[in-house]
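Asker: Supplied in structure tokens, the structure appears directly below.
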Amino acid sequence: MSATPANPNAAEGWHGAATLRFQQRDGITHHQGGASAPLKLMRSFAQASGHCELPLLHTAGGLVGGDQLQLTAELEPASRALITSVAAQKVYGTVRRSRRHPQGCWAQQQLRFHLAAGSDLEWLPQELVLYADALYQQEMRVELAAGASFLAMEVVRLGRTAAEEQLQNGCWRSSIEIQRLATATSPARWELVDRLELAGDALTAEHGMANEPVFGSLVWAAPQHLATETLQLLLDQARAARSDLVGSMACGPLGQGLVARYRGPSSQAARFWFCRLWALIRQQRGLAAAELPRVWPFQEDPLTKGLITPG
């Protein structure tokens, strides 16, 4: 898996944006902002943990080449938000589908998150499905003030496996930059800089996808430094939580947090594991138990294994 500089062509497409601001008042987080088509804000919900659960709906039914989405969220001090999507996102193929752009056209998404001191953002979109010959690029930039916590998960399916489809000439690119901002006593530092590309040989190579159709990532930038023993216990619990799941799963520490990867045949297994990690992280932080977002259509409960009983 390697990254290459993006060079999306300038094909016309649908450009949608959402701009959000979260504020805490009297212990409850509220949101303001708006969205332009094809994005739509759904009704928010207050979770027991204090998170403002806000679903985003993509009304167009999928992305095609040239489409661009932008999401900007600013969290004020001590606010808590969980942003999710109403449904899985589809990206349609464009390579060799057009005489005008035979090389294909890129669909793009930009995420910009700024978290003030003591705030908490969980970015938990549903699955991304790339059809054969789809081109998709996502760029995420996160700025964290002191004491802010950021957790993100992503599950990507490369081709519609049920239809015996592979990604073929398509490509998925991801860039994640998480920076802890400077304070009066410490300089700015990078929590994570992660650039990946899945295409071509990386889809079949053993050190790439090894012909598996599902890739996933979870990253947590913790609000404060974790003691070595605390972080090791969390990693041990995370590894135990994968015991009944198919696929290859690995996790490791960041300077202040952790990162986890999934590679395998099952998007269900990936989301099960990541949801269990999310629940473990909430438990480690002393927050209310993780609640699955109301818009998720899952018939199963991914939070049934891998947790420990306090006491």
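Asker: Go over the candidates Leu254, Leu198, Leu231, Leu258 one by one and state the one that is free of Cβ contacts under 8 Å to residues at least 60 places away in the same chain and more than 15 Å from the chain's Cα centre (by Cα).
Answerer: Of Leu254, Leu198, Leu231, Leu258, the one residue that is free of Cβ contacts under 8 Å to residues at least 60 places away in the same chain and more than 15 Å from the chain's Cα centre (by Cα) is Leu231.
Asker: Further question on the same structure: Six or more apart or on different chains, Cβ atoms under 9 Å: show the pairs whose first residue is in the range 134-152 and over 23 Å from Gly286 (Cβ atoms) and touching a residue at least 12 places away in the same chain (Cβ under 8 Å) and whose second is hydroxyl-bearing (Ser, Thr, Tyr) and crowded, with 24+ Cβ neighbours inside 10 Å.
Answerer: Listed by first residue and then by second, the contacts come to Ala134/Thr94; Leu135/Thr94.
Asker: Tell me whether the range 290-306 contains one or more residues that are closer than 30 Å to Ala145 by Cα and either among the small types (Gly, Ala, Ser) or part of a strand (DSSP E or B) (or both).
Answerer: yes
Asker: Which one of Val219, Val246 is touching a residue at least 40 places away in the same chain (Cβ under 8 Å) and either in contact with a Ser or Thr (Cβ under 6 Å, 6 or more places away or on another chain) or surrounded by 19 or more Cβ atoms within 10 Å (Cβ to Cβ) (or both)?
Answerer: The conditions single out Val219.
Asker: Residues being at pLDDT below 95, farther than 15 Å from Ser79 by Cα, exposed (fewer than 14 other Cβ atoms within 10 Å of the Cβ) and not small (Gly, Ala, Ser): count how many of those fall in the range 10-44.
Answerer: Looking only at that region, the number is 1.
Asker: Arg282 - would you say it is of a type in the set (D, E, K, R) and part of a loop (DSSP other than H, G, I, E, B)?
Answerer: Answer is no for this residue.
Asker: Please find, among Trp106, Trp123, Trp172, the residue that is aromatic (Phe, Trp, Tyr), under 26 Å from Arg43 (Cα atoms) and under 20 Å from the mean Cα position of the chain (by Cα).
Answerer: Trp123
The values are calculated or read from the model by the stated rules, or taken from the named source; none is laboratory data. If you're wondering where the values come from, they're calculated on a predicted model, not measured in any experiment. Cβ: placed from backbone, ideal geometry, glycine included. Neighbour counts: every protein chain shown.
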